[in-house]
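Written out below as structure tokens is the structure these notes cover.
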Amino acid sequence: MADWREHGIRIVRAGELDTNTPQTPGMDRAAAITHARTGASKLWAGTVVVQPSARTGVHHHGELETVLYIVRGRARFRWGDHLEFVEEAGPGDFIYVPPYVPHQEMNAKPDEPVEAVVVRSGQDPIVVNLDIETPEPARPGPDPFHSKPH
């Protein structure tokens, strides 16, 4: 008989998320469901907070599938070989990112963070950075990805 106490459901409380994860400037990631924390072998889940006006560089996640669920704020996504496609998502929306799709995530608002739940189809933190120029217009004010610390 299985030892369900040891190998059953795991609950990771809000205050127990692991912030020792790969980070991107302007984005704060925290892991909840990982192999080390829960024994998960096919999924990774956590949270991400995207600071106001922040945006990532263009990248893809290799063979991983990614699902985001927007809890708060407004996120903008660009994707395609030249980032020619663009959509926004808000609270309650799910976003599916297929394997190898070049994309860029950004906060669509300059005054409110985006909070989302992220689920990936694997444990490896695959990020393949791509040299694709974004058609996204520059925003006034400091660039959270290239500003120097004071």
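For this structure, a couple of remarks:
- Residues considered: LEU130, LEU64, LEU83. Largest GNM mean-square fluctuation over the chain, using C-alpha springs under 10 Å, is found at LEU130.
- Each peptide in 110-122, 49-61 receives the mean, over its residues, of other Cβ atoms within 10 Å, and ordering these scores from highest gives 49-61, 110-122.
- In terms of the mean number of neighbouring beta-carbon atoms within 10 Å, the peptides 12-18, 65-71 order highest first as 65-71, 12-18.
- Amide proton proximity set for ALA40, modelled H, under 5 Å, gap of 5+: THR34, HIS35
- Over all Cα atoms in the chain, the spread is summed up by Rg and Dmax: 16.5, 62 Å.
- Adding -39500 (n - 2.57) for every DSSP H run of four residues or longer, then dividing by how many residues the chain holds, sets the calculated 222 nm ellipticity at -1000 deg cm²/dmol.
- Placing +1 on the Cβ of every Lys and Arg and -1 on the Cβ of every Asp and Glu, with nothing else charged, gives segment 18-129 a dipole about its Cα centre of roughly 200 debye.
No value in this document is a laboratory result; all are computed from the given coordinates. Here the structure is a predicted model, which means the values were calculated and not measured. Heads up, the Cβs are rebuilt from the backbone with ideal geometry, glycines too, and the neighbour counts pull from every protein chain shown.
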